[in-house]
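**Q** The structure under discussion is supplied below as structure tokens; questions concerning it will follow.
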Amino acid sequence: GATSNTAANTLDDYEEGTFTATLTGSSAAPNTAVTATGSYTKVGRLVTVNIPIDNKNTTGASGNAQVTGLPFTCGSKEGFGSYIAYGSLAYANNAVNTAVMATASNTRLEFFDNITSGAWHNSTIVAGSGKYIYLSLTYRTA
């Protein structure tokens, strides 16, 4: 059976902090950079981030919505999380099941939606003022 006091189970890597996240589009960035202060907790290779993108102006942005600037590079497998957005993302027709994903071997998040046919699509950024996204995501580092 497992033993709770072995060296492998000792908590030897714990970190909390903040980082600057940037909301952008894959085709064009907003006219003025859209940044937010995110917070993270890292335990071993597991990182949880929380990013409040609050009342931002994304005028000029286009393409797939992305958030860059994660505090640690994602490992070879992606991490998924959830979010709530207001006015900031556009989805494929009849979209259901939206998610945010940490991109493998990168420090970028991407947003996806699933239409009723079962195909996944990148969610696109909507340009303009008064945009909100609150997200939480957990991923493994490299």
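The values are calculated or read from the model by the stated rules, or taken from the named source; none is laboratory data. This is a predicted model, so every value here is computed, not measured. FYI the Cβ positions are ideal-geometry reconstructions off the backbone, even for glycines, and counts take in every protein chain you see. The protein model used for the area step is the full one, side chains on, heavy atoms only, and it has no ligands, DNA or RNA in it. Shrake-Rupley method; radii C 1.70, N 1.55, O 1.52, S 1.80 Å.
**Q** Just to be sure I understand the filter: pairs with C-beta atoms under 6 Å, separated by 6 or more residues or on different chains, first member in the stretch 31-47 and surrounded by fewer than 14 Cβ atoms within 10 Å (Cβ to Cβ), second member among the acidic types (Asp, Glu). Which pairs pass?
**A** Hits for this filter: Gly44/Asp13.
**Q** Only one residue in Thr68, Thr141 is of a type in the set (Val, Ile, Thr) and open to solvent by 20 Å² or more (accessible area, probe 1.4 Å). Which one?
**A** It is Thr68.
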